[in-house]
Each structure stands twice: as C-alpha cells, then as structure tokens.
Amino acid sequence: PTTAPSDPETSRTLDRVRDQLPDGAGVTGLTATTDDLSEQISGTLPLFVGTILVASFVLLMLVFRSVLVPLKAVVMNLLSIGGALGVLVAVFQWGWLQPLSGLDETYPIASPLPTIFFAVLFGLSMDYEVFLLSRVREHYDASGDTTESVAHGIASTGRVITTAALIMTVVFLGFVADPSPMITMLGLGLATAILLDATIVRMLLVPATMALLGRANWWLPAPLA
C-alpha cells in the first residue's frame, strides 16, 4: 500500500488483497493485525461491558440492599468513562491542544483502549463508591436521616478518596511523556477518568443525587429482600 498503516485506504487495500488470496494463505502486518483485533473487540465488547455492569449491579445490591444505589453507581461510572473517552477523541482525533500535547498529527483511538479503560476504571471507581457508601449506609442505619448520612460519609471519606485518586492520577500522567501515542492515550485517558470520577462524580453528583432521593435510596422490593 502507498498509504499509512492507519489510513482507511490501507484497510481497503488489505481487503482487496485478501479477496485474491488462495486457500491457506494469509496476510500479516500492522494493519492486518489491528483490523482483525478491532473486528474481534467490536463483536465481544457489548458482552464484556454488559457482564461487568450486571455483575456490579448485583453485588452492590446485595451489599447495600438497595436497587437505586447500585443503579446510580453504574450510571455514574459510565459518565466518568465517557468523559475520559471524550477527552481522548478531542485531543488525539480532533487535534485539540496540539501545541500543548506535543503531537504533530492526529491519531485514531487504538481499538484495545476502550476495553482497557472500562476494566481498570470500573474497578477503581467502584472502590471509591463502596468506600463512600459504606460510611453513608452505616450512619443511615443509626440515624435514619439520609441527608445527614451523606454529609457524614463525605466528611469521613472525602479526603481519603481524593488523596487516593490524586496518587493514581499522578501515576497515570507519568505515561503521557512516553513517545508512543498509544501509551500517551492510555495515561491521559486513565488520569482524566479518575480525576473526573473522584471530583465531579464521587464528591458532587453522587452525594447530590442521594440527598435528593432521600429514603428512596434504600428501597428494595420485598421479593428481593
């Protein structure tokens, strides 16, 4: 091919070559490997994401004996991940902040990255979620006041969660200096997602929605109970 490995025209050339191959012959190389991996990931990603979401929802429902709390946790985590992927698209595919990022051209988001992001970030954000909600639930069982319990939970865990998130953000930002665009994407995406999760989501949206929902946070249908 006369075009770059990530150029769509190169993929079309690959398809034309494969159509002409005899039985038992194959094509390898960067574009062939990337295209095959992308096709496989696109087919299994919905199952991968769905399995994690369902398992997380069920486990949190068992721990906190609630339907809305785990549902809210799943939605909030998807917001963090979506925000991080949005930043990556803006920086790498649209070329925003190009002088600051040091990139001399735009790059497509590597196909394995959404899977890696989802697995790593969902695990980290659920740690923060369980840590915060455990305090809230303990105080609610003792007082019966949701608003007071949320305030107590934030006061008890806010500094710890923020510090832990700051450590992880600094660690992942260390990858941004790597000359490989894929490693830079990985570092920037993970750092952005954790920063969003620990500040806007975990310290603002989660307490606000819990305070608004009140006693409905802890509703559990009788058959499930």
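Descriptive notes on the structure:
- Considering residues of the range 1-11 that are of a type outside the set (Ser, Thr, Tyr) and open to solvent by less than 70 Å² (accessible area, probe 1.4 Å) only, the residue nearest to Ser111 (Cα to Cα): Asp7
- Residue list for the range 12-35, restricted to those being among the acidic types (Asp, Glu) and open to solvent by 70 Å² or more (accessible area, probe 1.4 Å): Asp15, Asp19, Asp23
- Checked across the range 103-126, the condition of being out of contact with any Leu (no Cβ under 9 Å at 6 or more places or on another chain) and open to solvent by less than 20 Å² (accessible area, probe 1.4 Å) holds for at least one residue.
- Here the condition is being closer than 30 Å to Thr199 by Cα, at pLDDT 90 or above, open to solvent by less than 40 Å² (accessible area, probe 1.4 Å) and among the aromatic types (Phe, Trp, Tyr); of Phe57, Phe64, it holds for Phe64 alone.
- Hey, Pro46 modelled with pLDDT of 90 or more and either buried (at least 16 other Cβ atoms within 10 Å of the Cβ) or in a helix (DSSP H, G or I) (or both) or not: yes
- Of all residues in the range 79-87, at least one satisfies being crowded, with 19+ Cβ neighbours inside 10 Å and touching an Asp or Glu at 6+ places or on another chain (Cβ under 7 Å).
The values are calculated or read from the model by the stated rules, or taken from the named source; none is laboratory data. Not measured: the values here are computed from a predicted model. When we count neighbours, we look across all protein chains shown, and the Cβ atoms used for this are built from the backbone with ideal geometry, even at glycine. Remember, those area values only see protein heavy atoms, side chains included, never the ligands or the DNA or RNA. Shrake-Rupley method; radii C 1.70, N 1.55, O 1.52, S 1.80 Å.
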